[in-house]
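Since the structure comes first, as structure tokens, the remarks are kept for the end.
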Amino acid sequence: MRKKVAVIGAGIAGTTTAYSLAKQGMEVTLIDSRRYPAMATSYANGGQLSASNSEVWNTPKNLINGIKWMFKKDAPLLFNPSPSLQKYKWILGFLMATFDGKHKSKTQETIELAKRARQIYFDIADHEGIDFDLLKEGILHFYDNKKELNAAEFLKLVKEKSKELGIDEKILSRQLNVGFSGGEKKKNEILQMKILDPNLIVLDETDSGLDIDALKTIADGVNSSRNKEKAFLVITHYQRLLDYIKPDHVHVLSDGKIIKSGNKELALELEKKGYKKIN
């Protein structure tokens, strides 16, 4: 017996949800107060799917704006002040989420969800052969102040550097180093190096605990940053890192002192003979 499902609201979310459930073999009834689908919010948005406009609402800035909007006739958000226990619970939850410090990570998660949803819409249109005036173009953002512009430019820079290193953008939505594997932590360190772009970089055992793929990613990040204006001090116990990062000079340290110096051949000698046989 097929499951029966009722979807209330025939906007773009309701319609695509009903479509997906029907494809799974369910008997779906789509209910809307209007004569045609997508005649409310979806209609007002002009059918626009904007993954880049996915910032969560519960931010301190929007909280202040919300209070100001209550005194405007054309406010994008309306609030009914009549008492309601459910409403007060929602307000409490909204306030708690506003000040939990997770605004950026939640926004990034929402963006990833929006990008996935947008692709699903495209897939449905292709599968069903729906012909309509689809435009896959960008969005022109206007910023009120330099602070907001700098934040947007910084996020763009982070994404560009992540792409260069082959780092999945999803990692940007996670709390720093929380639940990261050893390789992810090392990649994140190289990402920070690429973004900060310092003139002196010290990499202390950056190859520790890395598999061969992560090691290559780290090496590619270092090699792509090398130039005459930068100096790298790479500290390692093993030759394998130097197979990918070719050193200009090699120094052997023991008890805090440099006991021997040479070129990259010295590293190969160390690999064969060990530290004890180095004169």
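In region 265-279, what residues are in a helix (DSSP H, G or I) and either surrounded by fewer than 16 Cβ atoms within 10 Å (Cβ to Cβ) or of a type in the set (Asp, Glu) (or both)?
Here is the first cut: in region 265-279, the residues in a helix (DSSP H, G or I) are 265-273.
Glu265, Leu268, Glu269, Glu271, Lys272, Lys273 - these are the residues of region 265-279 that are in a helix (DSSP H, G or I) and either surrounded by fewer than 16 Cβ atoms within 10 Å (Cβ to Cβ) or of a type in the set (Asp, Glu) (or both).
Mind listing whichever residues of region 213-237 are in a helix (DSSP H, G or I) and surrounded by 14 or more Cβ atoms within 10 Å (Cβ to Cβ)?
Scanning region 213-237 gives Ala214, Leu215, Lys216, Thr217, Ile218, Ala219, Asp220, Gly221, Val222.
Among the residues that make up region 67-88, is at least one of them of a type in the set (Val, Ile, Thr) and within 21 Å of Leu172 (Cα to Cα)? Full working, then the answer.
From region 67-88, those of a type in the set (Val, Ile, Thr) are 67; that's our starting set.
Those left that are additionally within 21 Å of Leu172 (Cα to Cα): none.
No, region 67-88 contains no residue that is of a type in the set (Val, Ile, Thr) and within 21 Å of Leu172 (Cα to Cα).
Going through Leu191, Leu176, Leu210, Leu253 one at a time, which residue ends up being surrounded by 14 or more Cβ atoms within 10 Å (Cβ to Cβ), hydrophobic (A, V, I, L, M, F, W, C) and at pLDDT below 85?
Just a single option satisfies the conditions, and that option is Leu210.
Here's the yes/no breakdown for (1) among the aromatic types (Phe, Trp, Tyr); (2) in the same structural domain as Lys115 (by TED's automatic domain parsing); (3) at pLDDT below 90:
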position: Ile12; (1), (2), (3): no, no, yes
position: Ala18; (1), (2), (3): no, no, no
position: Gly25; (1), (2), (3): no, no, no
position: Arg35; (1), (2), (3): no, no, yes
position: Ser82; (1), (2), (3): no, yes, yes
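Considering only residues that are touching a Leu at 6+ places or on another chain (Cβ under 8 Å) and touching a residue at least 24 places away in the same chain (Cβ under 8 Å), look in region 241-263 and name the one that is farthest from Asp220 (Cα to Cα).
Filtering first and then ranking leaves Val252.
Can you find a residue that is farther than 17 Å from Ser105 by Cα, more than 16 Å from the chain's Cα centre (by Cα), at pLDDT below 80 and hydrophobic (A, V, I, L, M, F, W, C) anywhere in region 148-158?
yes
Would you pick out the residues in region 6-25 that are touching a Phe, Trp or Tyr at 6+ places or on another chain (Cβ under 9 Å) and surrounded by fewer than 16 Cβ atoms within 10 Å (Cβ to Cβ)?
If the condition is that a residue be touching a Phe, Trp or Tyr at 6+ places or on another chain (Cβ under 9 Å) and surrounded by fewer than 16 Cβ atoms within 10 Å (Cβ to Cβ), then Thr16 is the only one that fits.
Hey, which of the helices (runs of 4 or more DSSP H) in region 26-130, taking only ones fully inside, have at least 3 residues that are of a type in the set (Val, Ile, Thr)?
Because the criterion is at least 3 residues that are of a type in the set (Val, Ile, Thr), the helices (runs of 4 or more DSSP H) in region 26-130 that meet it are 103-128.
The values are calculated or read from the model by the stated rules, or taken from the named source; none is laboratory data. Keep in mind the model is a prediction, meaning the values are calculated, not measured. Here the Cβ is made from the backbone with ideal geometry for all residues, glycine too, and neighbour counts use every protein chain on show.
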